[in-house]
Amino acid sequence: MGIELMLNGANLNLVAFSRFDPDRLQGQMFALFVIVVAAAEAAVALAILLKVFGYFRTVELDEVTRLKG
């Protein structure tokens, strides 16, 4: 959650500062790239969660103890 908030804050800054140079869209393009990277990160996290659930039949970290050794 914290990473998502930091990425969204960076996106707001990029778009806001790109308003000072209206001829260039670099801020908007970089913000779009950051959004795509955040979506890919969320997809990887969901895939890991689904694999853990498929193997252990739970997502409770206290019950998943076979990962330690």
> What pairs can you find where one residue is in region 32-55 and over 14 Å from A10 (Cα atoms), the other is part of a helix (DSSP H, G or I), and their Cβ atoms are less than 9 Å apart, with a gap of 6+ or different chains?
Replying inline: E41/I3; E41/E4; E41/L7; A42/E4; V52/L67; Y55/R66
>> For region 34-69, give me each residue that is surrounded by 10 or more Cβ atoms within 10 Å (Cβ to Cβ), more than 18 Å from L5 (Cβ to Cβ) and not aliphatic (A, V, I, L, M).
In response: K51, F53, Y55, F56, T58, E63
>> Condition first: β-branched (V, I, T) and in contact with a helix residue (DSSP H, G or I) (Cβ under 9 Å, 6 or more places away or on another chain). Now tell me which residues in region 17-64 satisfy that.
In response: V34, I35, V37, V52, T58, V59, V64
> Can you name every residue in region 7-33 that is surrounded by 11 or more Cβ atoms within 10 Å (Cβ to Cβ) and in a loop (DSSP other than H, G, I, E, B)?
Replying inline: L25
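Read the figures in this text as sums done on the coordinates, not as results from a lab. None of these values were measured; they are calculated from a predicted model. No Cβ is skipped: glycine too gets one built from the backbone with ideal geometry, and neighbour counts run over all protein chains shown.
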